[in-house]
Structures are given as C-alpha cells and as structure tokens.
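The values are calculated or read from the model by the stated rules, or taken from the named source; none is laboratory data. This is a predicted model, so every value here is computed, not measured. Note: ideal-geometry Cβ built from the backbone for every residue, glycine included; neighbour counts use all protein chains shown. Surface accessibility is based on the protein's heavy atoms, side chains included, excluding ligands, DNA and RNA. Shrake-Rupley method; radii C 1.70, N 1.55, O 1.52, S 1.80 Å.
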Amino acid sequence: PNPFNPTTTVEYGLPTASEVALTVYNSNGQAIVTLFNGRQDAGYHKIAWDASQTSAGIYFLEFKAGGFTKMIKMTLLR
C-alpha cells in the first residue's frame, strides 16, 4: 500500500483461525487507529483504511496474528 492517498487496503491470509490485530502508528510510535482487533477465520481478508482525516507522512502498520508480528512502513501523500 505504498504510497497511498487517501485510502489503502491491507490484504492478508491466515493459514488457521487466529486472533488478529492491525494497528497504525505515527512516526512518534503513537497508535493512531486500530483497523481490526479480534478473531478471524482462516483464509484471505481485506481491511480498508481511510486516512483522509490524517496528515501526510510516514506511518507504520503493525500486523499481529497468533505468534506472528510484522511491521510495514506506509507513506501517505497529499
């Protein structure tokens, strides 16, 4: 999802049902929005983020599922 303006869609697959958390952080490490937090079934999923009310800049998306964690850098352009 790089760069994006003003919306982006995060797509991911789960091999098994898992607790999932998708959180967006600003460059200061502050959580600004939780896109999803809950249990999801195995399979492919899509979550949209409308950042139209958010300032341009660098953001970090943290994806957690089960014991897996990944941080993705995203750039919001205006």
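For the chain, the solvent-accessible area with a 1.4 angstrom probe is 61 square angstrom per residue.
The length gained by stretching the chain between V33 and R78 to full extension, at 0.36 nm per residue less their Cα-Cα distance, is 14.3 nm. Dividing the radius of gyration of the alpha carbons in the chain by their Kirkwood radius gives 0.97 for Rg/Rh. Dividing the mean sequence gap of close Cα pairs (under 8 Å, 6+ apart) by how many residues the chain holds gives a relative contact order of 39 percent. For A17, the residues whose modelled amide H falls within less than 5 Å of its own, excluding neighbours fewer than 5 places apart on the same chain, are A42.
For the modelled label position 7 Å from the Cα of T7 along Cα-to-Cβ, which residues of the range 44-66 have backbone nitrogen atoms closer than 15 Å? Only 46-54 fall inside the zone, counting backbone N under 15 Å.
For the range 10-20, backbone phi angles converted through the Karplus equation (6.51, -1.76, 1.60; θ = phi - 60°) give residue-by-residue couplings of 9, 10, 7, x, 10, x, 9, 4, 8, 6, 10 Hz, Gly and Pro being listed as x. Within the assembled protein chains, the solvent-accessible surface assigned to E11 is about 130 Å², based on a 1.4 Å probe.
Extension gain, T54-Y25: 0.36 nm per intervening residue step, less the Cα-Cα distance, totals 9.3 nm. Measuring only protein heavy atoms, the 1.4 Å probe finds D50 accessible over about 90 Å². Working note: Debye formula, equal point scatterers on the alpha-carbon atoms of the range 1-46, no solvent; log10 I(q)/I(0) at q = 0.16, 0.26, 0.29 Å⁻¹ is -0.54, -1.04, -1.11. For the chain, the carbon plus sulfur part of the accessible surface works out to 49%, probe radius 1.4 Å.
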